[in-house]
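Take a look at the structure set out below.
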């Protein structure tokens, strides 16, 4: 069973981007076009990242977890973008920058309802083997299956 | 009863994860505490009587309350040190 938080169209692999804004446009456009987020979602991501950066020093490469206020999101989704070259993000809670190669979009309309998924994503960021695996994937199907497997390990507790 | 505020930009994602991990940490260490989440922008109105602020976002102002950076709860790097700091602050 495919986890409802996932959508193949929100998986971008081995992309080339020069800025976080470009990344937000790619992921955000899909969120808007598919009706998962409000029309101002991309601006929401850009503003939020400027005020509350989401770059995370992880191994073997840094990760970013961009998100907006829940009010921007109509249907919760988790997106993924892997990057061929690092793109600078500011580290969460600091002024320093870090080159990010994995972006996990947290498009969540309600964190309490998706707490398990959120915790799963955060714990995956802390697993170097998972990040390495993400970087090596070249097809959306494989990435989707991997994310689905990881998220569904916790889905029993989340179904209400 | 100690009071802990866990802050982030929007009280949605990172503070939710950090707050849960902090609740577990305090429970295991037998520290009775009320752990609440908030936005960084709400800190000034909520910091009264608070013993500790843990924030994943930058805290520029001094609220007269110790502030610990909570990035380790998200990155996993330096987590033991952050946990130790929290426990020592709340002792």
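The numbers here are math on the coordinates, done by the rules we state, and not lab data. Everything numeric in this text was worked out from a predicted model, so none of it was measured. We place every Cβ from the backbone using ideal geometry, glycine too, and count neighbours over all the protein chains shown.
Counting only helices (runs of 4 or more DSSP H) that sit completely within chain B, those holding 1 or more residues that are in contact with a helix residue (DSSP H, G or I) (Cβ under 7 Å, 6 or more places away or on another chain), within 14 Å of another protein chain (Cβ to nearest Cβ) and closer than 26 Å to residue A:105 by Cα correspond to B:14-28, B:71-75, B:79-90.
Kindly indicate whether residue B:49 is in contact (Cβ under 8 Å) with a residue 40 or more places away in the chain and over 11 Å from the mean Cα position of the chain (by Cα). Quick ask: steps written out before the conclusion?
Numbers: in contact (Cβ under 8 Å) with a residue 40 or more places away in the chain: yes; over 11 Å from the mean Cα position of the chain (by Cα): yes.
Considered against the rule, which asks whether it is in contact (Cβ under 8 Å) with a residue 40 or more places away in the chain and over 11 Å from the mean Cα position of the chain (by Cα), residue B:49 comes out as yes.
Any residue that is under 20 Å from residue A:118 (Cα atoms) and part of a loop (DSSP other than H, G, I, E, B) - is there at least one of those in segment A:20-33? Among the residues of segment A:20-33, not one is under 20 Å from residue A:118 (Cα atoms) and part of a loop (DSSP other than H, G, I, E, B), which makes the answer no.
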